[in-house]
1. Consider Ala83 carefully, then state whether it is within 19 Å of Leu8 (Cβ to Cβ) and not in a strand (DSSP E or B).
2. Looking at the stretch 37-69 only, could you name the residues that are open to solvent by less than 60 Å² (accessible area, probe 1.4 Å) and small (Gly, Ala, Ser)?
3. Has the stretch 42-63 got at least one residue that is part of a loop (DSSP other than H, G, I, E, B) and acidic (Asp, Glu)?
4. Could you look through the stretch 1-43, keep only residues that are under 14 Å from the mean Cα position of the chain (by Cα) and polar (S, T, N, Q), and pick out the one that is nearest to Gly114 (Cα to Cα)?
5. Can you find a residue in the stretch 77-88 that is at pLDDT 95 or above, β-branched (Val, Ile, Thr) and over 18 Å from Leu22 (Cβ atoms)?
6. Of the residues that sit in the stretch 97-121 and are under 13 Å from Val49 (Cβ atoms) and outside any loop (DSSP other than H, G, I, E, B), which one is farthest from the chain's Cα centre (by Cα)?
7. Cβ-Cβ distance below 8 Å, separation of 6 or more or different chains: which pairs start in the stretch 10-27 with a residue that is hydroxyl-bearing (Ser, Thr, Tyr) and end on one that is assigned to a helix (DSSP H, G or I)?
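The values are calculated or read from the model by the stated rules, or taken from the named source; none is laboratory data. Fair warning: this is a prediction, and the values are worked out from it, not measured in the lab. Note that we place each Cβ from the backbone using ideal geometry, even for glycine, and neighbour counts take in every protein chain shown. Side chains included, ligands, DNA and RNA excluded: accessible areas come from the protein's heavy atoms. Shrake-Rupley method; radii C 1.70, N 1.55, O 1.52, S 1.80 Å.
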Amino acid sequence: MSTNAKQLELKDILEISSSGKLGDKDMVILDVRRPDEFGSGHIKNAKNVPVQELGQALQLTPSEFEAKYGFKLPANDSQTGVAVHCMRGTRAQMAASLLAEAEYKDNLFVYLPGWTELAGAASAQIEKL
């Protein structure tokens, strides 16, 4: 991976899903899979921005982003962390690279292998639309 994104483990993503925090750091889980994949099941409290839209989404003003996606994406210099994940890791790595290009550094995290691992291990943390 060509970013400085911090790697998360299953226990970390479960903590974030349950509390919105990793330790004492506020976190947002960003699921970069397609909307149909997200709708069929996703990590509890995750937000969806497909990786194919992320580059353009990062160009939106904060109010435009919130109107389109229904949540506030933490700023690149925010104390709130952004935890990116997808199905197996490829799209999460692409998303982490896009976020790194947008100057996300200290607040950028990635969960690999993502949904594949979590869906098999922690059904209590899965939501469906």
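1. no
2. Gly39, Gly41, Ala46, Gly55, Ala57 - these are the residues of the stretch 37-69 that are open to solvent by less than 60 Å² (accessible area, probe 1.4 Å) and small (Gly, Ala, Ser).
3. Taking every residue of the stretch 42-63 in turn, none turns out to be part of a loop (DSSP other than H, G, I, E, B) and acidic (Asp, Glu).
4. The selected residue is Gln7.
5. no
6. Among those that are under 13 Å from Val49 (Cβ atoms) and outside any loop (DSSP other than H, G, I, E, B), it is Leu98.
7. Ser17/Gln125; Ser18/Gln125
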